[in-house]
Amino acid sequence: MSLSIAGKTAVVTGAANGIGLAIARHFVDNGANVMFADMDEAALESECAEAQDDAGQVRYFVGDLRERLTVANLLSATVDAFDRVDILVNASRQMMPTDPLNPEDTSVSTLLEQNLMTTLRLSQSFAKRMIKQSAKDDDDRPAGAIVNLSSIAARRTRSDLLAYSVSCAALDQATRSLAVALAPNRIRVNAVAFGSVMSASLQGAIKGNSEMRADIIGHTPLARIASPTEVAEAVQFLASDGAGFITGQILTIDGGRTLIDGVDSSAH
């Protein structure tokens, strides 16, 4: 089973920081050509300058991917730089609290736009390019792979996470539906749903807060917090030919947390 992505072209959104950055770096380290996409130009410029010395080729794209024109521009920039696109990783995601009893709360529409609709439009646009590329192939090689980032929040019930949970649940279903729709075109669509990951934001939240850290670990059977690299490795697996017969699946990386988690546990 080959997990290699060397020589393939990948687009990673949300690549300026956090888990998206970890995925983009990991792909570069494993020989892929990677387009880092995000809104934070300064961070992208810095990270891509550092990544240029690694195995793969690196470019970056700055823009608000909630805009349809920006999605089209990202695709054009990727094809101009690398001639093709083989992998799309939708790692740009947003989380915010919800007041479920406030009719003026706009968090549901905001997160559905960011976490679901933006991912859906990117997937549709890049899938069309993958289909066009595959039409030129003389064999039945895979046409492409799409990997979405979701969360175990899709299966949990917390009123203050209503918007985030709903957007993740919708994303999981969109992943399955796109997988069926794109299967005849040899494009696989999967998602990684994770629990607590030691991102910069979580690291900042638990710094000096031993109670929060203990709460997270206490609700995780493996008794630790995942590293961003562990998420990146799972994404690489789903994007590689080694997962060639896997589509429409939500791979859970949570240290066993959803096996025992109660609704009153930490949100992190």
Per the filter on region 72-98, residues surrounded by 22 or more Cβ atoms within 10 Å (Cβ to Cβ) and in contact with a Leu (Cβ under 9 Å, 6 or more places away or on another chain) are Leu74, Val85, Leu88, Val89, Asn90, Ala91, Ser92, Arg93
Those residues of region 7-24 which are in a loop (DSSP other than H, G, I, E, B) and buried (at least 19 other Cβ atoms within 10 Å of the Cβ) amount to Lys8, Gly14, Ala15, Ala16
Here the qualifying pairs (Cβ atoms under 7 Å; residues six or more apart or on different chains; first in region 100-115 and surrounded by fewer than 16 Cβ atoms within 10 Å (Cβ to Cβ); second in a loop (DSSP other than H, G, I, E, B) and basic (Lys, Arg)) come out as Glu113/Arg66
Checked region 23-37 for anything touching a strand residue (DSSP E or B) at 6+ places or on another chain (Cβ under 8 Å) and either on the phi > 0 side of the Ramachandran plot or of a type in the set (A, V, I, L, M) (or both); matches are Ile23, Ala24, Val28, Ala32, Val34, Met35, Ala37
Only one of (1) crowded, with 24+ Cβ neighbours inside 10 Å; (2) in a loop (DSSP other than H, G, I, E, B) does not apply to Ser4, and that is (1)
Among residues of region 25-52 being part of a strand (DSSP E or B) and out of contact with any Lys or Arg (no Cβ under 9 Å at 6 or more places or on another chain), the residue surrounded by the most Cβ atoms within 10 Å (Cβ to Cβ) is Ala37
Per the filter on region 138-177, residues buried (at least 24 other Cβ atoms within 10 Å of the Cβ), of a type in the set (A, V, I, L, M) and under 20 Å from Glu113 (Cβ atoms) are Ile146, Leu149, Ala163, Leu171
Sole miss for Gly244 among (1) within 20 Å of Arg155 (Cβ to Cβ); (2) in contact with a strand residue (DSSP E or B) (Cβ under 9 Å, 6 or more places away or on another chain) is condition (1)
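Conditions (1) farther than 30 Å from Val85 by Cβ; (2) out of contact with any Lys or Arg (no Cβ under 7 Å at 6 or more places or on another chain); (3) assigned to a helix (DSSP H, G or I), marked per residue:
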residue: Lys128; (1), (2), (3): no, yes, yes
residue: Ile131; (1), (2), (3): no, yes, yes
residue: Ser150; (1), (2), (3): no, yes, no
residue: Ser165; (1), (2), (3): yes, no, yes
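Since every read-out is calculated from the coordinates, none of them should be taken as a lab result. These numbers come from a predicted model, not from an experiment. A quick note on method: Cβ atoms are made from the backbone with ideal geometry, for glycine too, and the neighbour counts reach across all protein chains shown.
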